[in-house]
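Each remark here refers to the structure printed beneath this line.
Here, each number is a calculation from the coordinates, and none is a lab measurement. Keep in mind it's a predicted model, so treat the numbers as computed, not measured. When we count neighbours, we look across all protein chains shown, and the Cβ atoms used for this are built from the backbone with ideal geometry, even at glycine.
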Amino acid sequence: MLLSGYRVGVVFGGANAEHDVSVASARGVAASLERLGAATVLLGVDRGGAWHRLEGVDDLAGLHGAIPGPRDLLAGIDVVFPIIHGRGGEDGSLQGALAVAGIPFVGSGVLASAVGMDKRAATRMLSASGIPTIETRSVTRIDELPQVVRGMPLPLFIKPNRAGSSVGADRVDDLESLVPTVQAALREDDVALIQPLVVGREVSVGILEARGEVRASGASLLHLGSDQEFFSYAGKYGGGETQLEIPARLDSTLLVALQNVAIAAFEQLGCAGLARVDFFVRDDGSFVLNEINTLPGFSEQSHYPRLWRACGVEYDELVATLIREACVPEPAGAVVPGAFVPAGTT
C-alpha cells in the first residue's frame, strides 16, 4: 500500500469558525490514510483550543479543556497532515509548533501560511510582483471608514482580513449597511477589508507539488444560486442552488494564463504542497486574483480534491502525494513505490 510504514498525525478541529469544515476534511483524510495503509494518529483540537488524542474523528464532539498543547502527543509521528482551517491552523501558528517540534508536515511553512491567511499582506506582495489583484483598502476602527471609502463606488465587499470560507464576509449595496457590516467583520478579525465589486466569473485553479514540481489543475467555474449574491459560507456548506462546474469550459489560452499566474502566486508567497487560487475573470478575458488558500477544504467532495479528480488524480493519490512530498526522507520500513506525478496538467 502506498503509505505502508508511515505513522501520520492528523490535526483537526480548531478554536475558530471553521471547526466543522475541518472535521469534515479530517474524516476524508483519515479514511484515505486507512485505505493507503498508514498508521493514523488523530489529534483533535476542541473549540476551546485544547488538544485530544482520539480513536475516531467524531470523538472530538463535545470535548473541551483536556490537554493544553501538542508536545506530548506528537511523539513517534513521522509526518503531520494539519487540516485545521482558519485561525490557529492555516495561519502559521500550527506550522510553527510543528516546525519547533521537528516534525514534517503537509503544506506551506510558517511564513507562507501566515501571509496567505493575511489577505491584505498577500494582496500587497502579489501586486508588487506584478500579479493583478483587487483594489483593497482596510480599516481597524469604524471612525476610519469615511476617509477610507472616499471615492469608492457601491456596491462594496467587506471581509475580515484573516478568516476563511467567507466567514464574516458580506456585500454592501447602500451606505446605511456599511457600518454594521464592517462591525461584523471586525468581530472576526482586527482588520476589515473593503473592496469594490468586480464584475466577472469566479474561477479557481488547484496547485499541487509532486516530486518538487509545481503543477496546476484545470479550472472550476462558479454558478451562483438565485438566492446568492456571492459565494458565501452558506453557499459553500449549506447546500442550495450554488454549483461548481468542474472542469470549467474555458478558452484554452485563458486557462493557461490562469494556471501560470496561479503557479506564480504560489511561488511568490513561498507556498508548498498545495493551494487553491481564486480569480475573477471579466467578459473581456482580463482577470484579477482574488485570494490564495494555502489549506483548502479537503473532504472528498471539497472544491480542491474535485479539481484534481477532474485531472485524473483520485483522492487517495492526492493524499499520498502530499504526505510523501512532506516526508523526506521516507520513514524507516516504508514501502516506496514510484513517485506519483499528475498527468495532463500544467
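Remarks
- Couplings 3J(HN,Hα) for segment 2-18, derived from phi with the Karplus relation 6.51 cos²θ - 1.76 cosθ + 1.60 (θ = phi - 60°), are 4, 10, 4, x, 8, 10, 10, x, 10, 9, 8, x, x, 8, 8, 6, 9 Hz, where x marks Gly and Pro.
- Amide H contacts under 5 Å for Leu197, placed H, 5+ residues apart: Phe157
- Under Karplus coefficients 6.51, -1.76 and 1.60, residue-wise ³J(HN,Hα) of segment 141-156 in Hz, glycine/proline x: 9, 5, 5, 7, 4, x, 6, 5, 8, 4, x, 8, x, 6, x, 10
- FRET efficiency, Leu175 to Val256 (Cβ-Cβ, R0 41 Å, nearest 0.05): 0.50
- Counting other Cβ atoms within 10 Å as a rough exposure proxy, the listed residues Tyr315, Tyr304 run Tyr315, Tyr304 from fewest neighbours to most.
- In order through segment 75-92: 3J(HN,Hα) via Karplus (6.51 cos²θ - 1.76 cosθ + 1.60), integer Hz, x for Gly, Pro: 4, x, 8, 7, 7, 10, 9, x, 10, 7, 8, x, 4, x, x, 9, 9, x
- For Leu250, residues with placed amide H under 5 Å, excluding near neighbours: none
- Among Ser4, Ser108, the order by Cβ neighbours within 10 angstrom, fewest to most, reads Ser4, Ser108.
- Report note on the peptides 175-187, 287-299: ranked by the mean count of other C-beta atoms within 10 Å, highest first, their order is 287-299, 175-187.
- Taking every DSSP bridge with both residues inside the chain, close to 75 percent are antiparallel.
- If R0 is taken as 51 Å, the Cβ-Cβ distance between Arg211 and Ala184 corresponds to a FRET efficiency of 0.70.
- Förster-model FRET efficiency, 35 Å R0, Ala121 and Asp284, C-beta, rounded to 0.05: 0.75
- Listed candidates [x] 33, 30, 18; [y] 36, 22, 17; [z] 33, 24, 17 - label of the one calculated as semi-axes √(5λ) of the Cα gyration tensor in Å: [z]
- The GluC sites (Glu not before Pro) of segment 77-175 that DSSP puts in a loop, and whose beta carbon has at most 12 other beta carbons within 10 Å, are Glu135.
- By the beta-carbon count within 10 Å of each Cβ, the least crowded to most crowded order of Glu209, Glu245, fewest first, is Glu245, Glu209.
- Under 5 Å, built H, 5+ apart or other chain: amide partners of Ala275: Ile207
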